[in-house]
Amino acid sequence: MKIKEIAEKIEGKVITGEDRLDEVVEKGFAADLLSDVLALTEESSCLITGITGPQVIRVAEVLNIPLIIIARGKQPSKALVESARAAGIPVILTNKTVFETCGILYSNGMKPCKIKIFHGVADESSSFVD
Amino acid sequence: MWEEKFRLVYRVKPMDLASAGSASSQIKVELQRNGIEEDVVRKVGIICFEAEMNMILYSTGGKLKVEVWPDRIEILAEDDGPGIEDLQKAMEPGYSTAPPWAQDYGFGAGMGFPNMKQNSDVFDVETKPGEGTRIHSVVYRSKDNETP
Ligand SMILES: Nc1ncnc2c1ncn2[C@@H]1O[C@H](COP(=O)(O)OP(=O)(O)O)[C@@H](O)[C@H]1O
Ligand SMILES: [Mg+2]
C-alpha cells in the first residue's frame with residue numbers, strides 16, 4: 001500500500017515526510033516499547049505505536065523504518081516532529097486505536113513483519129517454553 | 001596485522017532525553033557511508049542504541065565508542081557510575097528499574113541487555129557498584145571471520 005493510501009484508510013493525517021507519499025509499505029509491526037521494536041523485528045516495516053517521544057525516530061533511523069503511525073489520538077512531542085522532519089521520515093497521526101489501525105491495514109493487505117521469538121528465560125522456575 | 005580503519009566516539013550525557021539515540025543514529029549513518037555491510041550496521045545500531053539509552057537513563061554519563069576493523073566492529077560503552085548491583089538479574093529479559101515516566105517514552109521493556117547480547121558475536125559486561133559499567137561487544141563483518 002502506498003503511504004497516502006494508508007493515511008486515507010486509517011483517516012490519518014500526514015504531518016511529516018509529505019514527499020514520500022507514493023512510497024509503498026508492505027509490512028507492519030505494532031509496539032509501545034522501543035526495545036521490543038529493536039529486539040523483535042527482523043526486517044523493515046512500518047511501526048504503529050503510541051510512543052510520542054523523539055527516540056522513536058532514532059529507532060526508525062537505526063532500523064530503516066519507512067513510516068511511523070501514531071495511534072489513539074496521541075500528540076507527538078515537538079521534538080519528535082522536528083526529528084522526523086530532519087530525518088525525512090513520514091509520520092501519520094490517527095485517532096483510531098492501535099488495534100483498529102492494525103485491523104484496517106491488515107484487511108487491506110498489509111502483512112506482519114518477520115520477528116524473532118525470544119525464549120531467553122534465565123530463571124529455570126519459569127518454564128512456559130518447552 | 002590488519003589495522004583499525006577508523007573510530008567514532010560520542011559523549012553520552014545523563015538524562016538527556018532530547019538527544020537520546022542521536023549518537024546511535026549518527027554511528028549508523030557513518031557506518032553506512034563507509035560501506036559497512038547492511039546487516040552489520042543494523043546489529044551495531046541496535047547494540048549502540050540500547051547501550052546509549054541505558055547510559056542516559058541509569059548512569060551519570062559516559063562514552064560510546066565504535067571501532068571499525070576490517071573483519072569486525074568493536075563497541076565499547078563505558079560510564080562513570082553508579083554500576084549495577086545485581087548484574088545477573090539486570091541481564092534477564094523483562095527485568096527493568098525504569099521509572100514510570102520513562103515507560104511513556106517507550107523505555108523499560110527490560111530487553112536492552114538481552115537485545116545487545118543477541119546482536120553481538122562477543123558480549124561482556126563489567127560492572128562495579130559505586131564505580132561504573134563497561135560494555136564490550138563485537139560484531140563480525142562476515143561469517144568467515146567468526147573463528148579467528
Ligand atoms: N549503564 C547502567 N548503569 C546502571 N544500571 C544499568 C545500566 N544499564 C542497565 N542498568 C540496569 O539494568 C536494568 C536492565 O537494563 P535493560 O536490559 O537495558 O532494560 P531496561 O533499560 O528496559 O530497564 C535497568 O533497568 C537498570 O536497572
Ligand atoms: Mg535498556
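The values are calculated or read from the model by the stated rules, or taken from the named source; none is laboratory data. Every value quoted in this text rests on a predicted model; they were computed, and no experiment measured them. No Cβ is skipped: glycine too gets one built from the backbone with ideal geometry, and neighbour counts run over all protein chains shown. All accessible areas refer to the heavy atoms of the entire protein, side chains included, with ligands and DNA or RNA removed. Shrake-Rupley method; radii C 1.70, N 1.55, O 1.52, S 1.80 Å.
Within the range B:85-120, the set of residues being at the interface with chain A (Cβ under 10 Å from one of its Cβ atoms) and of a type in the set (Ser, Thr, Tyr) comprises B:Tyr95, B:Ser96, B:Tyr105.
Looking only at the range B:43-61, decide whether some residue is more than 21 Å from A:Val62 (Cα to Cα) and not in a loop (DSSP other than H, G, I, E, B). Scanning the range B:43-61 turns up at least one residue that is more than 21 Å from A:Val62 (Cα to Cα) and not in a loop (DSSP other than H, G, I, E, B).
Being outside any loop (DSSP other than H, G, I, E, B), away from every other protein chain (no Cβ under 13 Å) and either within 13 Å of ligand 2 (Cβ to nearest atom) or under 30 Å from A:Ser77 (Cβ atoms) (or both) is the requirement here; does B:Glu78 meet it? Judged against the criteria, B:Glu78 is a match. Name the residue that is nearest to ligand 1 (Cβ to nearest atom), counting only residues in the range B:65-112 that are aromatic (Phe, Trp, Tyr) and open to solvent by 20 Å² or more (accessible area, probe 1.4 Å). If we take residues in the range B:65-112 being aromatic (Phe, Trp, Tyr) and open to solvent by 20 Å² or more (accessible area, probe 1.4 Å), then B:Tyr95 is nearest to ligand 1 (Cβ to nearest atom). Annotation note: of A:Lys9, A:Lys96, A:Lys27, the sole residue that is within 24 Å of B:Arg42 (Cβ to Cβ), surrounded by 16 or more Cβ atoms within 10 Å (Cβ to Cβ), modelled with pLDDT of 95 or more and of a type in the set (D, E, K, R) is A:Lys27.
Condition first: surrounded by 15 or more Cβ atoms within 10 Å (Cβ to Cβ) and within 16 Å of ligand 2 (Cβ to nearest atom). Can you find one or more residues in the range B:34-46 that meet it? For the range B:34-46, residues surrounded by 15 or more Cβ atoms within 10 Å (Cβ to Cβ) and within 16 Å of ligand 2 (Cβ to nearest atom): present.
Whether a residue is crowded, with 18+ Cβ neighbours inside 10 Å, near ligand 1 (Cβ under 8 Å from one of its atoms), more than 8 Å from every other protein chain (Cβ to nearest Cβ) and at pLDDT 95 or above was assessed, and B:Ile135 passes this test. If the condition is being assigned to a helix (DSSP H, G or I) and open to solvent by 10 Å² or more (accessible area, probe 1.4 Å), then the range A:33-72 contributes A:Ser35, A:Asp36, A:Leu40, A:Arg58, A:Glu61.
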